[in-house]
1. Please list the non-local residues whose amide H lies under 5 Å from the amide H of Lys565, H modeled 1.01 Å from N, same-chain partners needing a gap of 5 or more.
2. Return the long-range amide H neighbours of Leu353 (sequence gap of 5 or more, or a different chain), with a cut-off of under 5 Å between placed amide H atoms.
3. Mind jotting down the distance between the C-alpha centroids of segment 457-480 and segment 256-314, whole Å?
4. Please list the three semi-axes, largest first and in whole Å, of the ellipsoid equivalent to the chain, using sqrt of 5 times the eigenvalues of its alpha carbon gyration tensor.
5. Scanning the chain for GluC sites (Glu not before Pro) in DSSP loops with at most 12 other Cβ atoms within 10 Å, what's the longest stretch left with none?
6. For segment 358-597, just the Cα set please: Rg and Dmax, both in angstrom.
7. Just need the relative contact order of the chain here, percent rounded to a whole number, with Cα pairs under 8 Å and 6+ apart.
8. Once phi is turned into θ = phi - 60°, what whole-Hz ³J(HN,Hα) does the Karplus curve with 6.51, -1.76 and 1.60 give for every residue of segment 127-139, x standing for Gly and Pro?
Amino acid sequence: MTTAPSPPATARSLSSDDGSTTLGAQFRSQMPAYVRGSIVLALFQLSMNRIDWMGKRAVDLLFGDTPEAAARPALMMLLLAVVAFVTRISSRWFIFNAGRDVEYDLRARLLAHLHKLGAAFYRKMSAGEIMSRASGDLLQVRLLLGFGVLNLVNVIFAFVSALQVMSRISLKLTLASLITFPILLVITRSFSKMMFSKTRSNQETLGRLSDMLQGNLAGVRVVRSFALEGRELARFRVANSAYVEASLGLARVRGLMQPIVATTSAAGVLIFFWYGGSMLLAGPENGGLSAGDFFAFWSALLRMTWPIIALGFSISIVQRGRAGYIRLKEIFDAVPEVVDGPEPAPASIAGALSVRKLSFNYGNKRALDAVDLELPAGRSLAIMGRTGSGKTTLALLLARLLPTPRGSVFVDDKDVCSLPVAAVRAAIGYAQQDAFLFSTTVSRNIGFALENPDDEMDRIRAAASEAQVLEEAMALPEQFDTVVGERGVQLSGGQKQRIALARALVWEPKILVLDDPLSAVDAKTERAILDAIDRQSDLRTVVLVTHRVAAAARCDEVVVLDEGKVVERGTHAQLVKAGGIYADFAEEQAMQSELAEL
Ligand code: ADP
């Protein structure tokens, strides 16, 4: 059994849903860590500054009359080096951790938000694209808020610390050595712009590539059954080449930037050797440099070289982080279609369901047209109709699994739109037609809704038995502990459907909505499941979407949908007598079963 690692202490307090997800807000949330990190960074650069001055003293003493006196400043240098070591590590600890905490927090918010988004969003953004944003783009944001912030702060302190040494030794030499500095800034700025657009296109092509791979893996059976591996491979190659091209484009910019930046800063060092060397030869008595001055200046100049290069890096990290954040923001900005209502969850729910003038469109297409239903608590209702008549849409709207219009679905006379979504979904259990299984064990699939499924095996077993899947589960190699494979590939369609049914039964909701639970089962299992549904309807309100008359006949009432409208309603007996669509269904299915018996 896998146990989830506990979240970092700082992150835990952040993952509540009240904070803003703007980059600025994330930055501000980490302010205490940044302040602590900046203080130790300042201490680090201060100790480096003192090391330079101690170095000057030690070298001057070494070349003077009392070389043995150099031991004292040399020892001080060692102590300062220890301080520098500790402060450098702790600055990384504070600031990198801030980046990690933001990453943790954003990831948690991302999943919470993705749970709330509806079909409209998932039609626009594929799973592969979302995965790519949740991994690659999030990483860029972490680098921005960790590595990027650290380097930007460090650059400032390093400049102050090194410039203090250099300018005190010789202002002229400082100006000469830093002559390349403005050029460096121009170079890094122009590169960072290129980096931004290249990173964006790189991340986009990666998104498309992951999307295609994900689609191919999920539909691997379809690809194989049509023997289209070759064509799919060719399409994949195109996407793969686009990604390689985009990555190379980015690598070219990055690869060009580093040597250009390093060469330019090396030119500054060259100037130092030429000009500083001549000042050293002149000696301090002639307004030149002592050996100690030369050493300390050189050491300080070297300390500035890395921050200058890091500045280039950091600017590109900031650009990449921003590009990544914009892509994440597209997910955060997607507005959930189904939101909590203002009223609190009712203390208890009896389970009466009523639908009043419910109409629903998919785009311009009308799927339901002024549907009215009344179902007292504890009664059962069958919804019948041809394929495409709107049965599934109606079932989904009951539990607000689609954006249910206000004032159209009521539980115990309360508009479901005025209640918290979780309360509605807890009250209305829904077993979907195309059963989805997680790639875990049979028992965890059935006990998905339970807090600790491993401790509630009796309930799981009872639900499996009710859903007529117990015997088959026990026949699997590791019984309830058998892992069903991705999306349940190891099981038949009927088995998956009954496991999904068991999952809905174990939840024991007040209202149970079953969407065609008999579409993939044989006649014997059908009878057994119908018996189970009979027993369920003694315990709770049941809405059964079905195309089978044998199933509808067992319900207290039957409603027939046609093109989104209720066209017939009554008991099985009444509808058979009425001679409408239901009677046609009954006749057709009676003939089919007679033929099957022959
Ligand atoms: P049934 O369950 O009776 O087969 P559905 O409720 O699935 O019917 O569908 C009702 C109508 O709505 C059909 O015409 C179907 O094509 C359409 N429909 C269903 N789902 C969508 C969707 N996500 N987008 C657009 N149209 C849809």
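Every read-out reported here was derived from the displayed coordinates using simple, explicitly stated rules and does not represent laboratory data. Since we're looking at a predicted model, the values are computed, not measured. Note that each Cβ is placed from the backbone with ideal geometry, even for glycine, and that neighbours are counted across all protein chains shown.
1. The list, which skips near neighbours in sequence, is Asp369.
2. Those qualifying (amide H under 5 Å, at least 5 residues apart or on another chain) are Leu375, Ala377, Asp412.
3. Going from one Cα centre to the other spans 76 Å.
4. 71, 24, 22
5. Details: sites that count: Glu451, Glu478.
Longest gap between qualifying sites, sites excluded: 1-450.
6. 18.0, 52
7. Here the relative contact order equals 14 percent.
8. 4, x, 5, 5, 4, 5, 5, 6, 9, x, 5, 5, 4
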